[in-house]
1. Any of 253/322; 38/196; 293/370; 293/322; 38/198; 322/370 with alpha carbons more than 20 Å apart? Name them for me.
2. Ratio to report: Rg/Rh of region 243-341, with Cα atoms as the point set and Rh obtained by the Kirkwood method; give two decimals.
3. Which value, in debye to the nearest 20, describes the size of the charge dipole of region 251-337 about its Cα centre when Lys and Arg Cβ atoms bear +1, Asp and Glu Cβ atoms bear -1, and nothing else is charged?
4. Pairs of Cα atoms under 8 Å, at least six residues apart: use those to get the relative contact order of the chain, whole percent.
5. In nanometres, what is the gap between the two model label sites at residue 67 and residue 348, each 7 Å from Cα along Cα-to-Cβ?
6. Would you work out which of 183, 96, 85 lies farthest towards the positive end of the dipole of region 12-226, given +1 charges on the beta-carbon of Lys and Arg and -1 on that of Asp and Glu, about the Cα centre?
7. Would you mind computing the Rg to Rh ratio of region 12-226 from its alpha-carbon coordinates, Kirkwood style for Rh?
8. Within region 35-54, list the residues whose amide N lies under 16 Å from a label point set 7 Å along Cα→Cβ of residue 98.
Amino acid sequence: MIGPSVWIEVDLASLARNVRAFRRGLRHAGSAIMAIIKDDAYGLGMPAVARRLWREGVRAYGVASAQEALALRGVLPRATILVLGCVHPSALPGLVRARVRLTLSSPEDVRQAARAARHGRAIAHLKIDTGMGRLGVWHEDCDALFAAVRAAAGRIEVEGIYTHLSHADAADERPTTVQLWRYRRALARAACWGLKPKLLHAANSAGSLRFAALRLDVVRPGLVLHGIDPMGRGLSREYRPVATWKTRVASIKSVGPGRTLSYGGTHRVRRATRIAALPVGYSHGYRVAWSNKASVLIGGRRCPVVGRVTMDQILVDVGHLKAVRRWQEVVLLGRQGRERIGAEELARWAGTIPYEVQCGLSARIPRIYKNIR
């Protein structure tokens, strides 16, 4: 029986391999891994990914929201879980009871967490903004955050202090060097206020791979664990892509020269060929920006996408293939034979980043897990 027309295979053995490769790359830095599995593990399914990471010895996890944190607590009761984003005050008591770590970015955050911890203690990581301009107290103003923590003594346990890098994937290393300097200054101020956090962390995937000085108590890899280079250049052979996105050939027709294809007629056929329709489109996350640029793999060979990507279908030229049949398997992202189309390549075709490619895969696509045991 033929399965779905569009699906994503998630190879958990490759995920495990990538964790081991990443650990080797730390070069005995002694850093613990906090796996970032926000946004449903970058679209691959948080429960299955988290369970496999736990089997590989990963004990700490970063998520985006209170809802993700509580869902993960149900999957991994003993894990250390940090919410990286802001939390509405109404969600704080439940997180405190579940011993979920909170990110506190301002004195107001500290006061709200203290109120939520009337009958217990909130475990917190303080965030210092050293140049990202997003969450966190500005590094110049960190004394106000530390003063609020002192005022809430007994209700707030500061487990960690961290920052986030804005230029870790950039060729110019100077902004990252400046951020590290600002972070260290903030830590010196924290010590003046009597704060002695157990966990210091700053490095995301790119920061962990590139900057030895940022491999502190904890590193926060995300996309690299999926076998995708956050810098868009491709990883070493130690890593294996975790996700393979597939579809099938839905129809094949002969097309003569001069005909135009899809909306707007953006592709004109130059010579007689065969065109295959595939049942995938932008509603699945196959971006319009890939129109007339991308390729897919059929029979281990690249076939160009021709014409504009539509909501539920794309067209590919298969005239150069000796044989192609209806319902034949097609790879949109991943390896087939000796050829591979990576998220890094798809990102370049769309003028975006690999993160957006994988996170943009629609939840409507079934995820099929391989090598679960």
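1. Listed pairs above 20 Å: 38/196; 293/370; 293/322; 38/198; 322/370.
2. 0.93
3. Charge dipole, region 251-337, about its Cα centre: 340 debye, nearest 20.
4. 18
5. 3.7
6. Looking along the dipole axis, the top candidate is 96.
7. 0.95
8. In region 35-54, the label zone of residue 98 (backbone N under 16 Å from the point 7 Å along Cα→Cβ) covers 37-41, 46-48, 50-51.
Read-outs throughout are calculated quantities, based only on the coordinates presented, and are distinct from any laboratory measurement. Quantities reported herein were computed from a predicted structural model and do not represent experimental measurements. No Cβ is skipped: glycine too gets one built from the backbone with ideal geometry, and neighbour counts run over all protein chains shown.
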